[in-house]
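> Take a look at this one; I'll ask things after.
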Amino acid sequence: MFYLGIDLGKTRDHTAFAIVERGVALQLRYAERVPLGTEYPEVVERVRRMVRHEHLRGRCVVVADATGVGAPVVDMLRSGQLGCEVTAVNITGGEQETRSGIVWNVPKRDLMTGLLVLLERRELRIALRLKEAGPLVRELTDVRMTAGSGGNVRMGADGGGQHDDLVVALALACWRAKRKQNELGARRLPGI
């Protein structure tokens, strides 16, 4: 099974894709950062082409950031006849994962720490030959946890010009890849 994580951005942050294959370990098979300014219909079309690729067709789940402007893009993905499950995730600053109808609310802290744990345990492999391997590694090293004066904790890339788009896309793909299908509401077929 393949899991396509999508972190949506447009003007200040890039839209980023990460495709993870679930096997004995998770393996990052593809990563891409879309140029700034790319229109969302183009992003949806790019996703459609990816999930229809011969290696992914019928064996892929899309997990997309539904935070803010992500909600209408998720609607476009769901109506886009992709031929695969589309899981929507609101990335929150909350304390626990919840579900509201068909949308998951997942703290960014949980996404990021889940990804870091996978890397530490060597349960996630990143091919260094990937075009975006260098930027992804830089993003991983830029991720910081900072506490604000009001007690709020922020986790992500800090500083001017730093991004965490690829990391968030990868974290979303890994989060979904580690979940049981029935936890996400998929129907179980009798006798299987």
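> Of the residues Arg46, Arg29, which single one is under 18 Å from Leu130 (Cα atoms) and of a type in the set (Lys, Arg)?
Arg29
> What number of residues within segment 60-96 are part of a loop (DSSP other than H, G, I, E, B) and among the hydrophobic types (A, V, I, L, M, F, W, C)?
Final tally of qualifying residues: 4.
Matching residues to (1) surrounded by 15 or more Cβ atoms within 10 Å (Cβ to Cβ); (2) at pLDDT 80 or above; (3) among the aromatic types (Phe, Trp, Tyr):
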{"position": "Arg99", "(1), (2), (3)": "no, yes, no"}
{"position": "Asp110", "(1), (2), (3)": "yes, yes, no"}
{"position": "Val117", "(1), (2), (3)": "no, yes, no"}
{"position": "Leu124", "(1), (2), (3)": "yes, yes, no"}
{"position": "Gly134", "(1), (2), (3)": "no, no, no"}
{"position": "Ala157", "(1), (2), (3)": "yes, no, no"}
{"position": "Asp164", "(1), (2), (3)": "yes, yes, no"}
{"position": "Ala171", "(1), (2), (3)": "yes, yes, no"}
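> Kindly check whether there is at least one residue in segment 35-56 that is in a strand (DSSP E or B) and not hydroxyl-bearing (Ser, Thr, Tyr).
So far as segment 35-56 goes, no, none of its residues is in a strand (DSSP E or B) and not hydroxyl-bearing (Ser, Thr, Tyr).
> If I filter segment 65-87 for residues that are surrounded by fewer than 13 Cβ atoms within 10 Å (Cβ to Cβ) and under 19 Å from Trp175 (Cβ atoms), do I get at least one hit?
Yes: one or more hits.
> Between a residue in segment 20-38 that is among the small types (Gly, Ala, Ser) and any residue that is modelled with pLDDT under 90, which pairs come within a Cβ distance under 6 Å, given they are 6 or more apart or on different chains?
Ala31/Leu130; Ala31/Glu132; Ala31/Leu136
The values are calculated or read from the model by the stated rules, or taken from the named source; none is laboratory data. Values in this document were obtained by computation on a predicted structure and should not be read as measured data. Glycine also receives a Cβ, built like all others from the backbone with ideal geometry; neighbour counts cover every protein chain displayed.
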